[in-house]
Amino acid sequence: MAELKKEPVDATPNVSAVETVDVATEAEAVAAIDAPVSQGEPILQVRNLVKHFPLTQGILFKKQIGAVKAVDGISFDLYAGETLGIVGESGCGKSTVAKLLMTLERATAGEVFYKGQDITKLSGRALKAVRRNIQMVFQDPYTSLNPRMTVGDIIGETFEIHPEVAPKGDRRRRVQDLLDVVGLNPEYINRYPHQFSGGQRQRIGIARGLALNPEIIICDEPVSALDVSVQAQVINLMEKLQDEFNLSYVFIAHDLSIVRHISDRVGVMYLGKMAEIGTDTQIYDHPTHPYTQALLSAVPVPDPSAREGRDRIILTGDVPSPANPPSGCRFRTRCWKAEERCATEEPLLAIPERFVAGSTPATHESACHFAEERDVVHAA
Ligand SMILES: Nc1ncnc2c1ncn2[C@@H]1O[C@H](COP(=O)(O)OP(=O)(O)O)[C@@H](O)[C@H]1O
Ligand code: SF4
Ligand SMILES: [Mg+2]
């Protein structure tokens, strides 16, 4: 795990410092944000990120009676040029993570360092520069495109906020280039979203994400709403664009089988926490966390003979409410290995002690007191 670069205390402006226009500090932040980063260097460093949504009661006098702990202290790095897959069941906090990385939601606590700048505390020009460099592709290509706007206006809209990327006279040509890049006919620029298929609409969403030449694209379930045959085409396109434009991806999905194809590393989330994180081989072939093992055992296998010998783990019980998560390990209410310790002591995301000394594929971070390998996919 890469060491977090220590910034001088006053180099990361907090909101009030920028609002009183500390121009020199803001200019430094913008310069850091626009500086190039080498492939393989950490480009995003997420540290103890928390998002709690208040639960309130009453109409006139709103009283907070609790909080939905949607994201509850997660840490991970994204390296330049890689794809980090994030998977987990619906409601575990994936979209909230995406919104926090996009600065669309304000973090309750924690930091997100982008090239050393904590984006959760930026505002003004520095925040605008971050928002240009980190873009998003949304899940649903049917609802994420305004039906009353032409494709040209949808893709070109973002140039109104960032005119420096494409001057007015150049915008039509730029949009046509972008349509070409995502495999759509540039002559479709005046068409409306309903004139396209689901896969084509997601290509429009991707073109919109690319318009500002970003470095990072956060993809929140970008193919989940598409037919299986179309999913592969869109994923292939995204891989091609990643090479062409040196992009780093955070690729969110609820299905482990989709992210394997595109991810270099995968993080598995459960109820606002990261359960396990590692390379695709470590996670798919050598999972050590019971939750990852259960998810993997449920991935469909097309070959009937391979299916017969599989180790199926059926999870019992529902996902607990993030407003009232279990004590200790959040997975304990559904875990077949749970012991007393699991209720009292929260397992931290780290390389489990028994694997620290070795350098086997099991040597990766897993938040379980009793982490051990279990080959659920190839079991005979
Ligand atoms: N704006 C919000 N206000 C209150 N609760 C929210 C809000 N957004 C998300 N949540 C809750 O936070 C939890 C995580 O949601 P989300 O991040 O959308 O999960 P996922 O994308 O993994 O399905 C869910 O319980 C959801 O209901
Ligand atoms: S810490 Fe305990 S309850 Fe949690 S995953 Fe490990 S064995 Fe299961
Ligand atoms: Mg979601």
Inset, instruction - Quickly run through region 84-122 and pick out the residues that are surrounded by 24 or more Cβ atoms within 10 Å (Cβ to Cβ) and part of a loop (DSSP other than H, G, I, E, B). - result: Gly88, Cys92, Gly93, Leu122
Inset, instruction - Check Thr316, Thr344 and return the single one that is surrounded by fewer than 19 Cβ atoms within 10 Å (Cβ to Cβ), touching a helix residue (DSSP H, G or I) at 6+ places or on another chain (Cβ under 7 Å) and over 22 Å from Ile258 (Cβ atoms). - result: Thr316
Inset, instruction - Report yes if some residue within region 62-70 is at negative phi and within 18 Å of the chain's Cα centre (by Cα); otherwise report no. - result: yes
Inset, instruction - Only one of these is touching a residue at least 12 places away in the same chain (Cβ under 8 Å), near ligand 1 (Cβ under 10 Å from one of its atoms) and closer than 19 Å to His261 by Cα: Gly88, Gly93. Name it. - result: Gly88
Legend entry - All positions within region 83-99 that are in contact with a strand residue (DSSP E or B) (Cβ under 6 Å, 6 or more places away or on another chain) and at negative phi: Thr83, Leu84, Gly85, Ile86, Val87, Cys92, Lys94, Ser95, Thr96, Val97, Ala98
Inset, instruction - Could you give me the residue pairs with C-beta distances under 7 Å whose first residue belongs to region 239-259 and is under 10 Å from Val87 (Cβ atoms), whose second residue is away from ligand 1 (no atom under 16 Å from the Cβ) and at pLDDT 95 or above wherever it lies, and which are 6+ apart or on separate chains? - result: Phe251/Thr83; Phe251/Ser263
Inset, instruction - Those residues that are crowded, with 24+ Cβ neighbours inside 10 Å and of a type in the set (S, T, N, Q), I need them from region 249-280; list them, please. - result: Ser263
Legend entry - Those residues of region 286-305 which are out of contact with any helix residue (DSSP H, G or I) (no Cβ under 9 Å at 6 or more places or on another chain) and free of Cβ contacts under 8 Å to residues at least 40 places away in the same chain, in sequence order: Pro302, Asp303, Pro304, Ser305
Inset, instruction - Scan Ala225, Ala166, Ala232 and give me the residue that is more than 16 Å from ligand 2 (Cβ to nearest atom), in a helix (DSSP H, G or I) and not aromatic (Phe, Trp, Tyr). - result: Ala232
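Within the bounds of region 347-361, is there any residue that is acidic (Asp, Glu), part of a loop (DSSP other than H, G, I, E, B) and over 26 Å from the mean Cα position of the chain (by Cα)?
We begin by selecting, within region 347-361, every residue acidic (Asp, Glu); these are 353.
Applying the additional criterion that residues be part of a loop (DSSP other than H, G, I, E, B) yields none.
Scanning region 347-361, I find no residue that is acidic (Asp, Glu), part of a loop (DSSP other than H, G, I, E, B) and over 26 Å from the mean Cα position of the chain (by Cα), so the answer is no.
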Inset, instruction - Of the numbered conditions (1) more than 30 Å from Val23 (Cβ to Cβ); (2) buried (at least 20 other Cβ atoms within 10 Å of the Cβ); (3) more than 15 Å from ligand 1 (Cβ to nearest atom), Asp77 fails exactly one; give the number of that condition. - result: (2)
Legend entry - Contacts under 9 angstrom Cβ, first residue in region 32-44 being in the same structural domain as Leu101 (by TED's automatic domain parsing) and in a strand (DSSP E or B), partner acidic (Asp, Glu) and surrounded by 11 or more Cβ atoms within 10 Å (Cβ to Cβ), 6 or more apart: Pro42/Asp77; Ile43/Asp77; Ile43/Glu82; Ile43/Glu215; Leu44/Asp77
Inset, instruction - State which residue pairs qualify: first residue in the same structural domain as Gly317 (by TED's automatic domain parsing) and under 11 Å from Cys368 (Cβ atoms) and inside region 332-347, second residue within 16 Å of ligand 1 (Cβ to nearest atom) and of a type outside the set (Gly, Ala, Ser) in any location, beta carbons under 6 Å apart, and separation of 6 or more residues or different chains. - result: Arg332/Pro326
Inset, instruction - Enumerate the pairs (first residue in region 123-152 and within 19 Å of Ala225 (Cβ to Cβ); second residue anywhere and charged (D, E, K, R) and surrounded by fewer than 20 Cβ atoms within 10 Å (Cβ to Cβ)) with beta-carbon separation below 6 Å, excluding pairs fewer than 6 apart on the same chain, so at least 6 apart or on different chains. - result: Val151/Arg191
Legend entry - Residues of region 120-131 classified as touching a Phe, Trp or Tyr at 6+ places or on another chain (Cβ under 8 Å) and over 18 Å from Asn213 (Cβ atoms), total: 0
Inset, instruction - Consider Pro147 carefully, then state whether it is buried (at least 22 other Cβ atoms within 10 Å of the Cβ), part of a loop (DSSP other than H, G, I, E, B) and away from ligand 2 (no atom under 16 Å from the Cβ). - result: no
Legend entry - Selection from region 235-272 of residues that are away from ligand 3 (no atom under 16 Å from the Cβ), part of a loop (DSSP other than H, G, I, E, B) and closer than 21 Å to Ser144 by Cβ: Leu247
Inset, instruction - Restrict the check to region 333-341 and report whether at least one residue is more than 10 Å from ligand 2 (Cβ to nearest atom) and exposed (fewer than 12 other Cβ atoms within 10 Å of the Cβ). - result: no
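The values are calculated or read from the model by the stated rules, or taken from the named source; none is laboratory data. Being a predicted model, the structure only gives us computed values, none of them experimental. Quick reminder, even Gly has a Cβ in these numbers, built from the backbone with ideal geometry, and neighbours come from all protein chains shown.
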